[in-house]
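Have a look at the structure below, then the notes.
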2 protein chains.
Amino acid sequence: MARRRDATMEDVANHAGVALSSVSRVLNDHPDVSDRMKQRVMGAIADVGYEPNLLASSLRRGSTKTIGFLASDISNPLFAEIALGAERRLDEAEYTMVLTNSEGSGERDEEMIRLLRWRRTDGLILSVSDERRAGTLVELARLDVPVVLIDRDVKGLDDASVVTSDHARGMRSAVDHLIELGHTDIALISGPRQLRPARERLRVFRRAFRDQQLEPPEHLLRIGSFSAQSGEQATLDLLASDRPPTAMIAGGNLLLTGVLRALRRRKLTVGRDIALVSCDEVPLTELHSPPITVIARDAVHMGDLAAELLLERLVGDAEPRRAVVPTSLIVRDSTKKARRR
Amino acid sequence: MARRRDATMEDVANHAGVALSSVSRVLNDHPDVSDRMKQRVMGAIADVGYEPNLLASSLRRGSTKTIGFLASDISNPLFAEIALGAERRLDEAEYTMVLTNSEGSGERDEEMIRLLRWRRTDGLILSVSDERRAGTLVELARLDVPVVLIDRDVKGLDDASVVTSDHARGMRSAVDHLIELGHTDIALISGPRQLRPARERLRVFRRAFRDQQLEPPEHLLRIGSFSAQSGEQATLDLLASDRPPTAMIAGGNLLLTGVLRALRRRKLTVGRDIALVSCDEVPLTELHSPPITVIARDAVHMGDLAAELLLERLVGDAEPRRAVVPTSLIVRDSTKKARRR
């Protein structure tokens, strides 16, 4: 093929009419390079057909200009948006992103973090599937690169930056809204306790009841995985119980899919037969009939912020810090006046 | 931190009671290593705290065990599913995936392919944003690693494997179905001509009419980008025309979101006021009221197959080949008997 391996950095320097050190600075993304110099060198690289070997220069420089991103479920549109935000920001700073996926498995969290360490990525953005797994904690302790956690609380990992969602505010608004409409038999279908979002939603759900001198409906809590299947099963189970809920909160967009499947199977109409709130805006929440009330947050911004917190440690040598992305309740027709059955 | 850089491969071999060459074979993913040997060596690596440097061994070996994946839009759930399928399969074969995103820009296609080449990835899975851009073709010609294209036809790139969707079959079934229901004023809203899926859908759309001795409704074709915004604008435009369509086909899940927004704005009910078919199954198509007829395909399988075609060239030294993923029409209540307005 057309690859000319023979051209050297010297050829590039000669062709561009610049010093060899300038070519080197451009290739190593040195901060003190003008855009004009960069253009000139890149043009010469194309003209002479020089092929830089970033692998070799990574080894010399001790930096790979790659960031590892571990998602707990990449097929979840929420993570796709977070990955988009992070990738876009990292690319601006001339880092590439290595995407790995633990598919909800704590064991894979551990394996993937180890692999990313061995690959000498310059930093990690992690949304692990299990915050409490001993093996994962051991792997995390071995890291000597900056880490940013996305909506996770990992005990003992004090030097990580963290981007969290303010789940409390959104969940509190949702429960208050439903109670105001006359609902007290409110079900919460959520993910596992070893993940911060699920823990936070559960904690605030209970507290919102207590703050109104009401007993939280413990019999209507369903804690499982974040999958559609889990949402469907939990809903069928709730609807078959002695005292079924008059309102439901689905703690994630995949859970929502399952909840809606179950309601359809039982021929219940959202907004008329049962009130429904979901977490995270997806096309389905907006375009469902009736549209579904959601606790919304900006997922692309979460990814962008995670990349920023990482870059400020890599480039700016800043201290780790926490950033919080707000959530807000968007009220729609799926939560109307309660009708007792 | 707890990282012990001092441990060497010799320490691992001594601790495991195996030869140094066995440790090396495990670390380099040599095919002739038993699971038992692998476990033993991995255990010793953990015990002595040895930290392999995959970067250095990549350079020695001339293989990075990484695959570049270029998506034209990672926030599109379709690509998230393709990425999931590919990542899962590559991980089984002990490759990691570098994810890049061109966000619909031909210029970024070119930049990303160049970057992935410079990073010495062992192979590429590409779903470029523009099949015809000269700069991209030049970059592709420079590659000397195996390439798999996902649903793209790139002229002159004869040594690439390709995974395509059989758009023809699904589109043909959709048009035949709508014509059978009495529709002839059928609109097609689709993506740009420089991408294979859009070209194929348009070609077969027209042909399906001609095969029934009907003139294709050229005035109802709207070719733009694959975005929700493009779908919304095209629909508003069609509805405002002298002879609005009685049925519509949305050529992608983001376009569908825009189409539904526009229909809602014009207070038209899907299935009653207008028939609607979409491409690619998402939760919205299944759970919309009424459920939406779709041309479906298995996107996770497309990613899996792309990884497989790449691996068979990397590991098995096979020739490039084409694989086709079927599409099928799932008929739902959004396409009922036509009602003339």
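The values are calculated or read from the model by the stated rules, or taken from the named source; none is laboratory data. The structure presented is a predicted model; accordingly, all values stated were derived computationally and were not measured. Note that we place each Cβ from the backbone using ideal geometry, even for glycine, and neighbour counts take in every protein chain shown. Just the protein is used for accessible areas: all its heavy atoms, side chains included, with ligands, DNA and RNA removed. Shrake-Rupley method; radii C 1.70, N 1.55, O 1.52, S 1.80 Å.
I need a count of the residues in segment A:10-32 that are of a type outside the set (D, E, K, R), at pLDDT 85 or above and either at negative phi or open to solvent by less than 30 Å² (accessible area, probe 1.4 Å) (or both). Before the answer, list the steps.
Here is the first cut: in segment A:10-32, the ones of a type outside the set (D, E, K, R) are A:12-24, A:26-28, A:30-31.
With the extra rule that they be at pLDDT 85 or above, the set shrinks to A:12-23.
Checking the rest, the ones that are also either at negative phi or open to solvent by less than 30 Å² (accessible area, probe 1.4 Å) (or both) come to A:12-16, A:18-23.
Total meeting the criteria: 11.
Could you tell me which residue of segment A:256-271 is surrounded by the fewest Cβ atoms within 10 Å (Cβ to Cβ), considering only residues that are in a helix (DSSP H, G or I) and more than 9 Å from chain B (Cβ to nearest Cβ)?
Here is the first cut: in segment A:256-271, the ones in a helix (DSSP H, G or I) are A:256-265.
Retained after the next criterion (residues that are more than 9 Å from chain B (Cβ to nearest Cβ)): A:258-259, A:262-263, A:265.
On the way: A:258: 25, A:259: 30, A:262: 21, A:263: 21, A:265: 12.
Filtering first and then ranking leaves A:265.
Sort out which residues of segment A:168-214 are of a type in the set (S, T, N, Q) and either open to solvent by less than 10 Å² (accessible area, probe 1.4 Å) or touching a Leu at 6+ places or on another chain (Cβ under 7 Å) (or both), and write them in order of number. Step through it out loud before you land on a result.
Filtering segment A:168-214 down to residues of a type in the set (S, T, N, Q) leaves A:173, A:184, A:190, A:194, A:212-213.
Matches in segment A:168-214: A:173, A:184, A:190.
In segment A:29-38, what residues are under 35 Å from the mean Cα position of the chain (by Cα) and closer than 25 Å to residue B:142 by Cα? Give the steps one after another, and end with the answer.
Pass one, segment A:29-38, residues under 35 Å from the mean Cα position of the chain (by Cα): A:29-35, A:38.
If the condition is that a residue be under 35 Å from the mean Cα position of the chain (by Cα) and closer than 25 Å to residue B:142 by Cα, then A:29, A:38 are the ones that fit.
Would you please name the residue that is nearest to residue A:318 (Cα to Cα), looking only at residues in segment A:129-151 that are open to solvent by less than 20 Å² (accessible area, probe 1.4 Å) and of a type in the set (Asp, Glu)?
Going through the qualifying residues, I end up with A:151.
Among the residues of segment A:92-138, which ones are among the basic types (Lys, Arg) and either more than 8 Å from chain B (Cβ to nearest Cβ) or within 13 Å of the chain's Cα centre (by Cα) (or both)? Spell out the reasoning first.
Initial filter on segment A:92-138 (among the basic types (Lys, Arg)): A:108, A:114, A:117, A:119-120, A:132-133.
Within segment A:92-138, A:108, A:114, A:132, A:133 qualify.
Would you point out which residue out of A:140, A:116, A:84 is in contact with a strand residue (DSSP E or B) (Cβ under 6 Å, 6 or more places away or on another chain), assigned to a helix (DSSP H, G or I) and touching a residue at least 12 places away in the same chain (Cβ under 8 Å)? Full working, then the answer.
Working: A:140 fails: in contact with a strand residue (DSSP E or B) (Cβ under 6 Å, 6 or more places away or on another chain); A:84 fails: in contact with a strand residue (DSSP E or B) (Cβ under 6 Å, 6 or more places away or on another chain).
So the residue among A:140, A:116, A:84 that is in contact with a strand residue (DSSP E or B) (Cβ under 6 Å, 6 or more places away or on another chain), assigned to a helix (DSSP H, G or I) and touching a residue at least 12 places away in the same chain (Cβ under 8 Å) is A:116.
Considering B:41, B:48, which residue is more than 30 Å from residue B:115 (Cβ to Cβ), of a type outside the set (Ser, Thr, Tyr) and either open to solvent by less than 10 Å² (accessible area, probe 1.4 Å) or under 28 Å from the mean Cα position of the chain (by Cα) (or both)? Spell out the reasoning first.
Details: B:48 fails: either open to solvent by less than 10 Å² (accessible area, probe 1.4 Å) or under 28 Å from the mean Cα position of the chain (by Cα) (or both).
Exactly one of B:41, B:48 is more than 30 Å from residue B:115 (Cβ to Cβ), of a type outside the set (Ser, Thr, Tyr) and either open to solvent by less than 10 Å² (accessible area, probe 1.4 Å) or under 28 Å from the mean Cα position of the chain (by Cα) (or both), namely B:41.
Scan segment A:234-255 residue by residue and report those that are open to solvent by less than 10 Å² (accessible area, probe 1.4 Å) and among the β-branched types (Val, Ile, Thr).
A:235, A:249
How many residues are at the interface with another protein chain (Cβ under 9 Å from one of its Cβ atoms), more than 21 Å from residue A:114 (Cα to Cα), open to solvent by 10 Å² or more (accessible area, probe 1.4 Å) and among the aliphatic types (A, V, I, L, M) when one looks only at segment B:51-91?
0
Does residue B:154 satisfy the criteria of being open to solvent by less than 30 Å² (accessible area, probe 1.4 Å), touching a residue at least 60 places away in the same chain (Cβ under 8 Å) and not acidic (Asp, Glu)? Can you show your working first?
Details: open to solvent by less than 30 Å² (accessible area, probe 1.4 Å): yes; touching a residue at least 60 places away in the same chain (Cβ under 8 Å): no; not acidic (Asp, Glu): yes.
No: the conditions fail for residue B:154.
When segment B:111-128 is examined, which residues are found to be open to solvent by 40 Å² or more (accessible area, probe 1.4 Å) and on the phi < 0 side of the Ramachandran plot? Don't jump to the end; show me each part of the working.
Filtering segment B:111-128 down to residues open to solvent by 40 Å² or more (accessible area, probe 1.4 Å) leaves B:111, B:114-115, B:120.
B:111, B:114, B:115, listed by residue number.
Looking only at segment A:99-108, which residues are open to solvent by 10 Å² or more (accessible area, probe 1.4 Å) and outside any helix (DSSP H, G or I)? Don't jump to the end; show me each part of the working.
As a first pass, look at segment A:99-108 and keep what is open to solvent by 10 Å² or more (accessible area, probe 1.4 Å): A:103-108.
The answer is A:103, A:104, A:105.
Among the numbered criteria (1) among the charged types (D, E, K, R); (2) in contact with a Pro (Cβ under 6 Å, 6 or more places away or on another chain); (3) closer than 25 Å to residue B:282 by Cα, which one does residue B:232 miss?
Only one criterion in (1) among the charged types (D, E, K, R); (2) in contact with a Pro (Cβ under 6 Å, 6 or more places away or on another chain); (3) closer than 25 Å to residue B:282 by Cα is unmet by residue B:232, namely (2).
Kindly establish whether residue B:281 is touching a strand residue (DSSP E or B) at 6+ places or on another chain (Cβ under 9 Å) and free of Cβ contacts under 8 Å to residues at least 12 places away in the same chain. Steps first, please.
Details: touching a strand residue (DSSP E or B) at 6+ places or on another chain (Cβ under 9 Å): yes; free of Cβ contacts under 8 Å to residues at least 12 places away in the same chain: no.
Answer is no for this residue.
Filter segment A:313-333 for residues that are over 29 Å from residue A:31 (Cβ atoms), assigned to a loop (DSSP other than H, G, I, E, B) and in contact with an Asp or Glu (Cβ under 6 Å, 6 or more places away or on another chain) and give the result.
Of everything in segment A:313-333, those that are over 29 Å from residue A:31 (Cβ atoms), assigned to a loop (DSSP other than H, G, I, E, B) and in contact with an Asp or Glu (Cβ under 6 Å, 6 or more places away or on another chain) turn out to be A:326, A:327.
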